[in-house]
Amino acid sequence: MSTLVVVGSQWGDEGKGKITDYLAQEADVVVRSQGGNNAGHTINFDGEKFALRSIPSGIFNPKIKNVMANGMVINPKQALEELAGLEARGIKDYQLFISNRAHIVLPYHEMLDGAFEQFKGDKKIGTTKRGIGPANADKANRIGIRMCDLIDPEIFKSVLKSSLTIKNMELKMLGLSELKFDDIYNEYVEYGKKLKKYVCDTSLLLEEEIEKGSKILFEGAQGVMLCLDHGTYPYVTSSSPTGASVPLNAGIAPRYIDNVLGICKAYTTRVGEGPFPTEIHDELADYIRERGHEYGTVTKRPRRVGYLDCVALNYARRVSGINYLSLMLFDVLSGIKKLKICYAYELDGKVINTMPATLEDLYRVKPLYVEMDGWDEDITHVTSFDELPENAKKYLRKIEELTKSEVVIFSVGPDRKQTIRLKDFF
Ligand code: GDP
Ligand code: IMO
Ligand code: MG
C-alpha cells in the first residue's frame, strides 16, 4: 500500500502529531489537508519537543515532501512565524509545498471569531479564536482569499478590496473597529512575497507522487467528533477531519485512499464546550489530567477528561472509514484500580449504539459501561505487547472487540521511541 490517512477519532489531541512523525520515518510525502493553526501537534524526539500548528509533521526529515493542501485555511503570518521558529531550532533543510488554492486567514477573521464567541455568551463554542470558522465561512460565501491571490500583488489588491468592503460592513455591524485596506495590504503583500516560493498546484504534485508509488501520509487535524458534518454540531470545527474529506481537500481521487488509521487515546478528552457523554468530574479526572498533561497545546486550556467512549469511536469508524486504530497515552492509565469503557448509551429507556444527532439527546444519554480491573505497573518502558500487564492486554483487546478495529500501534509515552507497532501496515 502507498497511502495512509491519520485521523483523530475523538475530539482532537489524540496524538496525531506523534504518530505522523513516527510513521513519517518511512514516508515520502506528508500532507495536511484541512484545518489551520487551530491544530496543535506535539512531537518529541531526541530530547526535543516541538508543537506544530499549520506545518506538516514531516518537516523534520529533509527527504520528505511536506504539503499544505487546498483544504487548509492558512494564516500566512503565523505560518511564517512557525517556519522561523523551526529554523531558529536548526530545522532548516526541509521541503514545503503550499497549495495555490488554500484559503488564507486574515486579521478580520480572528476579530470575528472572538466577537461571535462573545455574542454567543453561554452558548459559545469555545473556539481557539484563530479565525478558522470565519475563514471557512468566507470560503463557502465566495469572498475568501487564496494563496494564489496573496502571492500576486495586483490580484491581491483587487480581491482584498472587494472582500474588505464586505468584512468592514460586518465588523461595523458588530460594533468592532473597521480595518484599513493599506494596513492589511502592505503587511500581507510582504508575507505573500516570502511564501511565493512554496506555492504550487499540490494536487498535481500528489498525482505525480502517487504515480511514482511514493508512500503518502495524510495528517488529519482535529477529530471526527469535531467534524462540521458528522460531529457534535454546533460544537464542532468548521471543516471535516474525516478520511472521506481527504480526496476533496487534497485534490486526489478517492480510490487512492488505501487505509485510515484512527488515533485514539486510551480514555477521552475534549477541549472547548459541547456534549461529552462519558465526561468525569471527580478526582480520577484530575489524576488523568495531571498524568497525561491534559492542557491544550494551542490555548493552554485544561482539557475535559472522560472514560473511553466506544459508541463515539464506532461512530467515527463508520463515518470516517477507520480500519485500524493506534491507542495512545496508554501509560497514563497505570495506577487506576477500576477502569470503565462505554459500550452503549441508554436514551429514554432504550439502549442505543450510535451518536444521536440533537444536542438535547446528546446531553441526556446515559453511558453504559463495562468495568475492568486496572494495573499498577509503569508501562512507559514496555517495548512489546507481551510485556504489558495482563489487565492492560485485556483492556486493549476489549477496545478491539468493541470497535471492531485492530489496534496496530500502541503508545506508552510522548517520545517517538515509546511507540509499539503490532503490525506492518504502511
Ligand atoms: P494531536 O493534536 O492529535 O497531535 O495531539 P496533541 O499533541 O495536541 O496532544 C497529545 C499530547 O499527548 C501531546 O502532549 C503528546 O506529547 C502527548 N502524547 C502522545 N502520545 C503519548 C503517550 O503515549 N503517552 C503520553 N504520556 N503522552 C503522549
Ligand atoms: P488538533 O489537530 C482539539 C476545537 C476547539 C473548539 C472547536 C472549534 O490539535 O487535534 P475552532 O477554533 O476550530 O473553530 O474551534 O474545535 N478544536 C480542537 N480541539 N484539538 C484540535 O486540533 C482542535 N481544533 C479545534 O477547542 O471546541
Ligand atoms: Mg492537538
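The values are calculated or read from the model by the stated rules, or taken from the named source; none is laboratory data. From a predicted model like this one, the values you see are computed outputs, not experimental measurements. Neighbour counts are summed over all protein chains in view; Cβ atoms, including those assigned to glycine, are modelled from backbone coordinates with ideal geometry. What goes into the accessible areas is simple: the full protein's heavy atoms, side chains included, and nothing from ligands, DNA or RNA. Shrake-Rupley method; radii C 1.70, N 1.55, O 1.52, S 1.80 Å.
Below are the figures for this structure:
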quantity: Residue (of Ile104, Leu160, Phe119) at the positive-pole extreme of region 103-195, dipole from beta-carbon charges; calculated: Phe119
quantity: Within-10-Å neighbourhood charge of Lys167 [Cβ basis; K, R +1; D, E -1]; calculated: -2
quantity: Stretch gain in nm, segment Val189-Arg364, where the contour uses 0.36 nm per residue and the Cα spacing is subtracted; calculated: 58.0 nm
quantity: DSSP-defined beta bridges in region 264-421 - what % are antiparallel, rounded to 5; calculated: 70 percent
quantity: Whole-angstrom gap from region 194-229 to region 128-186, using each part's C-alpha centre; calculated: 25 Å
quantity: Local net charge near Leu308, Cβ-Cβ under 10 Å (Lys/Arg +1, Asp/Glu -1); calculated: +2
quantity: Region 1-82: antiparallel DSSP beta bridges as a percent of all, rounded to 5; calculated: 50 percent
quantity: Considering only the chain, percent of DSSP beta bridges that pair antiparallel, nearest 5; calculated: 40 percent
quantity: Positive-end extreme of charge dipole, region 264-421 - chosen from Thr419, Thr358, Thr403 (charges on Cβ); calculated: Thr358
quantity: Mean Cβ count within 10 Å, highest first, over the residues of peptides 378-387, 37-46, 393-402; calculated: 37-46, 393-402, 378-387
quantity: Relative packing of 407-417, 109-119, which averages over residues the other C-beta atoms within 10 Å, highest first; calculated: 407-417, 109-119
quantity: The chain - convex hull of the alpha-carbon atoms, volume per residue in Å³; calculated: 136 Å³
quantity: Segment Ile155-Glu401, extension gain: residue separation times 0.36 nm, minus the distance between their alpha carbons; calculated: 83.1 nm
quantity: Ala51-Met169 pseudo-label distance in nm [points 7 Å out on the Cα-to-Cβ vector]; calculated: 3.9 nm
quantity: Within the chain: Cβ-based charge dipole about Cα centre, in debye rounded to nearest 20 (Lys, Arg +1; Asp, Glu -1); calculated: 660 debye
quantity: Spin-label zone in region 410-425 - amide nitrogen under 18 Å from a point set 7 Å from the Cα of Asp258 along the C-beta vector; calculated: 421-425
quantity: Residues in region 2-18 reached by a label modelled at Arg421 [backbone nitrogen below 14 Å; 7 Å Cα→Cβ]; calculated: 2-4
quantity: Whole-angstrom gap from region 331-383 to region 14-49, using each part's C-alpha centre; calculated: 27 Å
quantity: Calculated from backbone phi, Karplus (6.51, -1.76, 1.60) coupling profile of region 99-108 in Hz, x at Gly/Pro; calculated: 5, 5, 9, 5, 7, 10, 9, 10, x, 5
quantity: Helix axis angle, 76-88 relative to the chain longest principal axis, alpha carbon, degrees; calculated: 70 degrees
quantity: In Hz, Karplus ³J(HN,Hα) per residue of region 323-332 (6.51, -1.76, 1.60; θ = phi - 60°; x = Gly, Pro); calculated: 10, 10, 10, 10, 8, 10, 6, 4, 4, 5
quantity: The chain: relative contact order as a whole-number percent, Cα under 8 Å and 6+ apart; calculated: 20 percent
quantity: Positive-pole candidate from Val305, Leu388, Tyr185, dipole of the chain, charges at beta carbon; calculated: Tyr185
quantity: Accessible-area composition of region 200-248, carbon plus sulfur, in percent [1.4 Å probe]; calculated: 55 percent
quantity: Average accessible surface area per residue within region 103-195, 1.4 Å rolling probe, Å²; calculated: 52 Å²
quantity: Accessible surface, region 264-421, averaged per residue in Å² (probe 1.4 Å); calculated: 44 Å²
quantity: Karplus-derived HN-Hα couplings along region 201-208 (A = 6.51, B = -1.76, C = 1.60, θ = phi - 60°), whole Hz, x at Gly and Pro; calculated: 8, 6, 5, 5, 4, 5, 4, 4
